[in-house]
Amino acid sequence: MPLFLNDEQTMLRDTAKDFVGENAPVSHMRDLRDSNDPTGFSRDLWKQFAEMGFTGILIGEDAGGLGLGHVEAGVVLEEIGRNLSPSPFLTTAVAAVEALKGTAQAERWFPGILAGETVAALAIDEGAKHRSTVEMKAERAGNGFRLTGKKQFVTHGHVADLLIVAARTAGSAADEQGVTLFAVPKDAAGLTATPERLADASLAARIAFEGVEVDADAVIGEVDSGRDPLNRLLRAGRTGAAAEMLGVGSGAMDMTVGYLKERKQFGTLIGSFQALQHRAAHLYSEMEVARAAVLKAQQLLDAGDERAMQAVSVAKAMTGLATTLAVQEGVQMHGGMGMTDAFDIGFYMKRGRVLAEMFGDSNFHADLLATTAGY
């Protein structure tokens with residue numbers, strides 16, 4: 001598979017670039033932060049995403065979507081990252097859609113996602129650093145289940161219409177099997193969401209489930225076999241987060257290179273200094289390696305290749321490292337001004353930090369790759 005976009009994907013990239021750049025630039029994120037917006041994103045903008053067809057990229061044509069793949073979803077996510085656009089696209093139109101595909105829940109939730117009316121949140125993390133243990137209990141109750149436990153780092157969890165929840169129906173916390181995935185509506189009794197501001201001013205929630213009762217139809221997939229839809233969710237979410245992070249790093253790099261071409265010191269453009277040229281060239285090469293890793297992971301996911309899981313971890317780890325380099329170099333090359341709120345470069349550093357942690361950071365995925373290889 002060639003590591004470049006075809007003509008149709010290039011057209012989608014140009015469309016997404018124009019749309020996101022015009023309707024959700026960095027200033028949009030700054031406005032939401034300064035107004036202390038309690039939602040964390042614009043519902044109107046989410047409906048515009050739907051009108052453009054973006055929310056249906058991964059939904060099959062038989063369900064009213066576009067029937068495209070992870071490469072196309074990544075094209076949109078990269079532009080979201082480049083503009084730091086607050087949006088539920090990653091959690092809803094990518095990760096949640098992949099979890100719901102092929103299940104009875106798809107018929108219920110896909111129409112709302114396609115219309116830009118439904119927002120999904122992922123209640124899967126219980127501890128720090130994206131550990132895979134699931135301790136939250138789901139006990140049989142009548143013809144359904146009773147959920148008891150806590151989740152954290154649930155992006156948009158306080159305003160989501162749908163929560164996708166991983167809970168244990170059998171076995172112990174570290175067991176691979178015995179996990180079941182549930183689709184829980186926002187108005188379920190006993191559910192409490194407490195939003196908190198993250199480093200980039202986005203909102204994520206700590207969610208408590210105190211005897212939340214759901215019927216058997218809330219199960220995504222099969223009871224005790226939730227790892228299958230959960231792994232689909234994780235592969236899609238990790239690849240999508242890598243693509244968005246790639247946009248963050250690319251946006252920071254473009255801003256930095258532009259600054260090097262404009263800023264003068266002692267009457268000379270600082271971009272003419274060889275030391276800064278070397279650093280910029282190194283940054284460019286690292287971003288291109290990360291770009292290739294992300295595209296490869298997307299292509300393998302679309303092809304259903306068994307190597308996709310390893311490729312996804314490589315992409316998430318590589319992009320985390322490259323984007324961290326991009327935002328750190330950006331702040332340093334902007335000098336003292338890079339530390340102020342007047343310049344946007346600081347926002348890229350904060351967003352990059354949050355995305356690096358989402359779905360596991362570089363160390364998490366390096367360890368996962370080593371463990372998978374038998375080390």
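The values are calculated or read from the model by the stated rules, or taken from the named source; none is laboratory data. Please read these numbers as outputs of a predicted model, since none were measured by experiment. Positions of Cβ are generated from backbone atoms using ideal geometry, with glycine treated the same way; all protein chains shown enter the neighbour counts. Areas reflect the complete protein model, heavy atoms only, side chains present, ligands, DNA and RNA absent. Shrake-Rupley method; radii C 1.70, N 1.55, O 1.52, S 1.80 Å.
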By residue number, the members of region 240-278 that are of a type in the set (A, V, I, L, M) and more than 30 Å from Ala93 (Cα to Cα) are Val257, Leu260, Leu269, Ile270, Ala275, Leu276
Could you please find all residues in region 177-198 being modelled with pLDDT of 95 or more, under 22 Å from the mean Cα position of the chain (by Cα) and not in a strand (DSSP E or B)? Leu198
Of the conditions (1) farther than 14 Å from Val219 by Cα; (2) among the hydrophobic types (A, V, I, L, M, F, W, C); (3) modelled with pLDDT of 95 or more, Ala128 fails just one. Which one is it? (3)
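This table checks each residue for (1) outside any helix (DSSP H, G or I); (2) of a type outside the set (Phe, Trp, Tyr); (3) modelled with pLDDT under 95.
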position	(1), (2), (3)
Arg30	no, yes, yes
Phe41	yes, no, no
Val71	no, yes, no
Leu84	yes, yes, no
Ala93	no, yes, no
Ala99	no, yes, no
Gly112	no, yes, no
Thr133	yes, yes, yes
Looking at region 84-104, I want the residues that are of a type in the set (A, V, I, L, M) and have a partner that is assigned to a loop (DSSP other than H, G, I, E, B) and open to solvent by less than 10 Å² (accessible area, probe 1.4 Å) with Cβ atoms under 7 Å, at least 6 apart or on another chain. Which pairs are those? Ala93/Ile57; Ala93/Leu58; Val94/Leu58; Val97/Leu58; Val97/Ile59
Which count do you get for residues in region 275-296 that are without any contact (Cβ under 8 Å) to a residue 60 or more places away in the chain, closer than 30 Å to Lys101 by Cβ and open to solvent by less than 10 Å² (accessible area, probe 1.4 Å)? 1
Region 54-67: number of residues that are more than 15 Å from Trp109 (Cβ to Cβ) and either of a type in the set (Val, Ile, Thr) or open to solvent by 20 Å² or more (accessible area, probe 1.4 Å) (or both): 5
For region 157-177, name all the residues that are under 19 Å from Gly127 (Cα atoms), crowded, with 16+ Cβ neighbours inside 10 Å and small (Gly, Ala, Ser). Gly157, Ala166, Ala167
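Can Thr180 be described as open to solvent by 20 Å² or more (accessible area, probe 1.4 Å), among the hydroxyl-bearing types (Ser, Thr, Tyr) and either within 23 Å of Lys101 (Cα to Cα) or touching a strand residue (DSSP E or B) at 6+ places or on another chain (Cβ under 6 Å) (or both)? Outline the logic, then answer.
Working: open to solvent by 20 Å² or more (accessible area, probe 1.4 Å): no; among the hydroxyl-bearing types (Ser, Thr, Tyr): yes; either within 23 Å of Lys101 (Cα to Cα) or touching a strand residue (DSSP E or B) at 6+ places or on another chain (Cβ under 6 Å) (or both): yes.
Here the answer is no, as Thr180 does not meet what is asked.
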Out of the residues in region 220-258 that are of a type in the set (Val, Ile, Thr) and touching a residue at least 60 places away in the same chain (Cβ under 8 Å), state the one that is farthest from Gln298 (Cα to Cα). Thr256
Among the residues of region 336-346, which ones are hydrophobic (A, V, I, L, M, F, W, C) and open to solvent by 10 Å² or more (accessible area, probe 1.4 Å)? Met337, Met339, Ala342, Phe343
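From the list Ala326, Ala322, Ala311, which residue is open to solvent by less than 20 Å² (accessible area, probe 1.4 Å), assigned to a helix (DSSP H, G or I), more than 17 Å from Asp254 (Cα to Cα) and aliphatic (A, V, I, L, M)? Walk me through how you get there before you give the answer.
On the way: Ala326 fails: more than 17 Å from Asp254 (Cα to Cα); Ala322 fails: more than 17 Å from Asp254 (Cα to Cα).
Only one candidate qualifies: Ala311.
Here is a yes/no grid of residues against (1) surrounded by 14 or more Cβ atoms within 10 Å (Cβ to Cβ); (2) assigned to a helix (DSSP H, G or I); (3) more than 18 Å from the chain's Cα centre (by Cα):
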{"position": "Ala201", "(1), (2), (3)": "yes, no, no"}
{"position": "Leu233", "(1), (2), (3)": "yes, yes, no"}
{"position": "Ala242", "(1), (2), (3)": "yes, yes, no"}
{"position": "Tyr259", "(1), (2), (3)": "yes, yes, yes"}
Taking the stated definitions as given, is Ala208 assigned to a helix (DSSP H, G or I), in contact (Cβ under 8 Å) with a residue 24 or more places away in the chain and either open to solvent by 10 Å² or more (accessible area, probe 1.4 Å) or not hydroxyl-bearing (Ser, Thr, Tyr) (or both)? no
Within region 211-229, considering residues that are within 25 Å of the chain's Cα centre (by Cα) and among the charged types (D, E, K, R), the one surrounded by the fewest Cβ atoms within 10 Å (Cβ to Cβ): Asp228
